[in-house]
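Chemist: Handing you a structure now.
The values are calculated or read from the model by the stated rules, or taken from the named source; none is laboratory data. Not measured: the values here are computed from a predicted model. So basically every Cβ, Gly included, is an ideal-geometry build from the backbone, and we count neighbours across all protein chains shown.
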Amino acid sequence: MESSRAIAWVDRLVWPLIYVGLFTLVLGLAAMKYHAAAAWSLVVVGSLLAVAGVVLIWVRSRLPPE
């Protein structure tokens, strides 16, 4: 059984990951015409963070209620 501490950790981490990921992705898209390599790095990192947040939503949905 998962501890309530682990469930709270997942709950606290989900939305910051999604929001920071989407912000980083948009920042990368905005910087695309200035420095392509740095912009693509931001796009990739932002996408990975947003996907990690979505995966944590799925993980949380599979955990039992508190």
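Chemist: Going through segment 24-39 one residue at a time, which ones are touching a residue at least 12 places away in the same chain (Cβ under 8 Å) and out of contact with any helix residue (DSSP H, G or I) (no Cβ under 7 Å at 6 or more places or on another chain)?
Modeler: First, the residues of segment 24-39 that are touching a residue at least 12 places away in the same chain (Cβ under 8 Å): 24-29.
Of everything in segment 24-39, just one residue is touching a residue at least 12 places away in the same chain (Cβ under 8 Å) and out of contact with any helix residue (DSSP H, G or I) (no Cβ under 7 Å at 6 or more places or on another chain), namely V26.
Chemist: Follow-up. Regarding S41, is this residue touching an Asp or Glu at 6+ places or on another chain (Cβ under 7 Å), of a type outside the set (A, V, I, L, M, F, W, C) and either at pLDDT 95 or above or loosely packed, with under 14 Cβ neighbours inside 10 Å (or both)? I'd like the intermediate steps shown before the answer.
Modeler: Values: touching an Asp or Glu at 6+ places or on another chain (Cβ under 7 Å): no; of a type outside the set (A, V, I, L, M, F, W, C): yes; either at pLDDT 95 or above or loosely packed, with under 14 Cβ neighbours inside 10 Å (or both): yes.
No: the conditions fail for S41.
Chemist: While we're here: Cβ-Cβ under 8 Å, sequence separation 6+ or interchain: first residue in segment 44-66 and without any contact (Cβ under 8 Å) to a residue 60 or more places away in the chain, partner part of a helix (DSSP H, G or I) and exposed (fewer than 13 other Cβ atoms within 10 Å of the Cβ). Which pairs?
Modeler: Cβ pairs passing all conditions: G53/W15; G53/P16.
Chemist: Now, a different point. Got a number for residues in segment 20-38 being surrounded by 14 or more Cβ atoms within 10 Å (Cβ to Cβ) and among the hydroxyl-bearing types (S, T, Y)?
Modeler: Residues that pass the stated criteria total 1.
Chemist: Right, I7: in a helix (DSSP H, G or I), surrounded by 14 or more Cβ atoms within 10 Å (Cβ to Cβ) and modelled with pLDDT under 95 or not?
Modeler: Considered against the rule, which asks whether it is in a helix (DSSP H, G or I), surrounded by 14 or more Cβ atoms within 10 Å (Cβ to Cβ) and modelled with pLDDT under 95, I7 comes out as yes.
Chemist: Let me ask something else. Against the definition (modelled with pLDDT under 95 and of a type in the set (G, A, S)), how does S47 come out, yes or no? Full working, then the answer.
Modeler: Numbers: modelled with pLDDT under 95: no; of a type in the set (G, A, S): yes.
When the stated conditions are applied, S47 does not pass them.
Chemist: Consider S61 carefully, then state whether it is in a helix (DSSP H, G or I), at pLDDT below 95 and polar (S, T, N, Q).
Modeler: Numbers: in a helix (DSSP H, G or I): yes; at pLDDT below 95: yes; polar (S, T, N, Q): yes.
So S61 fits the description; yes.
Chemist: Is it true that L48 is part of a helix (DSSP H, G or I), of a type outside the set (K, R) and crowded, with 16+ Cβ neighbours inside 10 Å?
Modeler: Numbers: part of a helix (DSSP H, G or I): yes; of a type outside the set (K, R): yes; crowded, with 16+ Cβ neighbours inside 10 Å: no.
Considered against the rule, which asks whether it is part of a helix (DSSP H, G or I), of a type outside the set (K, R) and crowded, with 16+ Cβ neighbours inside 10 Å, L48 comes out as no.
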